[in-house]
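Bear in mind these aren't lab numbers, they're just calculated from the coordinates by the rules spelled out. Just so it is clear, the model here is predicted, and its values are computed rather than measured. Here the Cβ positions follow ideal geometry from the backbone for every residue, glycine too, while neighbour counts run over all protein chains shown.
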Amino acid sequence: MVFNYKKNRAWAENLTIVMQIGLTMAGCIVFCFFVGLYLDKWVGTKGIFVTIFTVLGVIGGGVTVYRQIMEVIDTKDSDRENRGNGVR
């Protein structure tokens, strides 16, 4: 079975957006977790930096995902306006 991109274009684009958002959020949290883990081992504390950096990862990931979503919405709105004006 061969994937027909032209037939399923909207579905494929939406899937890529959802995957990008999920991987961005997970990447931010995992990266910050390991930075906190490294700092905890280096300083000799037990979980302080892991907690702080994990929370910062969640906040940073949320901000990044929000910006990505707003960019997609703005792009789709401008595409709709251009189609309405006869511009392709």
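List of remarks:
- Flag for T64 being assigned to a loop (DSSP other than H, G, I, E, B), on the phi < 0 side of the Ramachandran plot and either among the charged types (D, E, K, R) or out of contact with any strand residue (DSSP E or B) (no Cβ under 9 Å at 6 or more places or on another chain) (or both): no
- Filtered residue count, the range 13-58, keeping only those that are β-branched (V, I, T), under 12 Å from the mean Cα position of the chain (by Cα) and surrounded by 12 or more Cβ atoms within 10 Å (Cβ to Cβ): 5
- Scanning the range 27-55 for residues that are within 28 Å of V72 (Cα to Cα) and without any contact (Cβ under 8 Å) to a residue 12 or more places away in the chain yields one hit, V55.
- T64 vs. criteria surrounded by 10 or more Cβ atoms within 10 Å (Cβ to Cβ), touching a residue at least 24 places away in the same chain (Cβ under 8 Å) and touching a Phe, Trp or Tyr at 6+ places or on another chain (Cβ under 9 Å): no
- N82 meets all of the listed conditions (1) surrounded by 11 or more Cβ atoms within 10 Å (Cβ to Cβ); (2) in contact with an Asp or Glu (Cβ under 9 Å, 6 or more places away or on another chain); (3) without any contact (Cβ under 8 Å) to a residue 12 or more places away in the chain but one, namely (2).
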